[in-house]
Amino acid sequence: MTLPTFYRAALLVSLVGLSLAFVLGRRPAGELRRLVWRVPLLYVLVSGSLLLGFAALRGWIGALWPEHAGLLALRTVAHLVLGYGYLALVHLALARLQASGGVQSPVARPS
């Protein structure tokens, strides 16, 4: 059994993101907070490039673009809305926890 192309691309993008998280983990919290807001956009760019790259390798670009351009645009918008929506919810939850005293601000902690 082989994985569909979309799942292979998503797995590859997730592994790259995980490796970047380890590399960026030593950065200051303020810088990480700014970088996190770019993750959904980077995910869409890399996964879209991989999807179109796999289609080009198989010679499907000629059929893919005219027939599925609307679905590709919808997929892009859905990934961006869900990604930024999730980040906004996490940011809101963290702000409420910090306001209630449940969590200390990572920026205020001495390094």
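Odds and ends about this structure:
- Note on region 30-64: among residues that are aromatic (F, W, Y) and under 19 Å from the mean Cα position of the chain (by Cα), the one that is farthest from Y84 (Cα to Cα) is Y43.
- Qualifying residue in region 39-53 (condition: of a type in the set (F, W, Y), modelled with pLDDT of 75 or more and surrounded by 15 or more Cβ atoms within 10 Å (Cβ to Cβ)): yes
- Evaluation of G102 against (1) modelled with pLDDT under 85; (2) surrounded by 11 or more Cβ atoms within 10 Å (Cβ to Cβ) (one fails), failing number: (2)
- The single residue among F54, F22 that is among the aromatic types (F, W, Y) and touching a Lys or Arg at 6+ places or on another chain (Cβ under 9 Å) turns out to be F54.
- Members of region 10-55 that are part of a helix (DSSP H, G or I) and of a type in the set (G, A, S): A10, S14, G17, S19, A21, A29, G30, S47, G48, S49, G53, A55
- Within region 65-99, considering residues that are over 19 Å from V13 (Cβ atoms), among the aliphatic types (A, V, I, L, M) and surrounded by 11 or more Cβ atoms within 10 Å (Cβ to Cβ), the one farthest from the chain's Cα centre (by Cα): L97
The values are calculated or read from the model by the stated rules, or taken from the named source; none is laboratory data. Bear in mind that the values here come from a model prediction, so they are computed numbers and not experimental data. A quick note on method: Cβ atoms are made from the backbone with ideal geometry, for glycine too, and the neighbour counts reach across all protein chains shown.
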